[in-house]
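Working notes, structure below.
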Amino acid sequence: MTSAFAPAFAGFGTGLSLIVAIGAQNAFVLRQGIRRDAVLAVVGICALSDAVLIALGVGGVGAVVVAWPAALTVVAWIGGVFLLGYGALAARRVVRPAPTGLAAEGGAAAGSRRRAVLTCLALTWLNPHVYLDTVFLVGSVAADHGPARWTFGVGAALASLCWFAALGFGARLLGRFLARPAAWRVLDALVAATMIVLGVSLIAGA
């Protein structure tokens, strides 16, 4: 029984080790979780997107994408510019914090929810690192498991779901600590720094 689930456990560990690293996507999910703004939608988008990309990697699409490296360059530029823009907005909130809306409350407006969904989609699908982690790395490691590669992929996808769910919904526990405007400014500063550094690194490596 243990040997039958060994590929799934290996996939879970591999997937978790790749997505736990601090990045633009994780920073966004954390902030949405603390604000209690479209958390379910954001967590669902991240987990489902990872599952799709992992499936593509396990299915061997990674080898096809490697044949056109120019595609990754284009995505790197688009993603880099987007991250720089989002980082600039976060930096603006640090310099000019909003007088209201700092409390972690639910009941987000439809417009706010729509913006959160679109931003999450962009941070996920315009980030070349997501493709490298899921399609290439997970796909290549899964290939070593032969016929059990899909079991490995299921484990990796489950790790993604568990991580984003814990990050998004678990962030509510930080609500009382981030009730003060100063704490939100620190969070926005960390988000801005993360976005800008990643954006510059993507463009520089394109």
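The values are calculated or read from the model by the stated rules, or taken from the named source; none is laboratory data. In this text, all values refer to a predicted model and were calculated from it rather than measured experimentally. FYI the Cβ positions are ideal-geometry reconstructions off the backbone, even for glycines, and counts take in every protein chain you see. Areas reflect the complete protein model, heavy atoms only, side chains present, ligands, DNA and RNA absent. Shrake-Rupley method; radii C 1.70, N 1.55, O 1.52, S 1.80 Å.
Report the local net charge at Ala24: Lys and Arg +1, Asp and Glu -1, summed over other residues whose C-beta lies under 15 Å from its C-beta.
Result for the neighbourhood of Ala24: -2.
Starting from the Cα of Val200, step 7 Å along the direction of its Cβ; do the same at Leu132; then give the gap between the two resulting points in nm.
The answer from the label model is 1.7 nm.
Provide the FRET efficiency to the nearest 0.05 for the Ala193-Phe9 pair, computing r from the beta carbons and using R0 = 35 Å.
0.50
Between Val52 and Val81, take the C-beta separation as r, use R0 = 22 Å, and let me know the FRET efficiency to the nearest 0.05.
Rounded to the nearest 0.05, the efficiency is 0.35.
Quote to one decimal, in nm, the extra length available between Ser17 and Ala183 on full extension: 0.36 nm per residue of separation minus the C-alpha distance between them.
So the extension gain works out to 56.9 nm.
Convert each backbone phi in segment 129-143 into a coupling constant with the Karplus relation 6.51 cos²θ - 1.76 cosθ + 1.60 (shift: θ = phi - 60°), then list the ³J(HN,Hα) values in order as whole Hz, x for Gly and Pro.
The phi angles translate into 4, 5, 5, 5, 6, 8, 5, 7, 5, 4, x, 5, 5, 4, 4 Hz.
Sketch the reach of a paramagnetic label on Arg113 as a point 7 Å from Cα along Cα-to-Cβ, and name the residues of segment 35-53 whose backbone nitrogen lies under 15 Å away.
From segment 35-53, the list is 36-45.
Leaving ligands and nucleic acids out of the surface, order Trp77, Trp125, Trp68 by accessible area at 1.4 Å, largest first.
Descending accessible area places them as Trp68, Trp77, Trp125.
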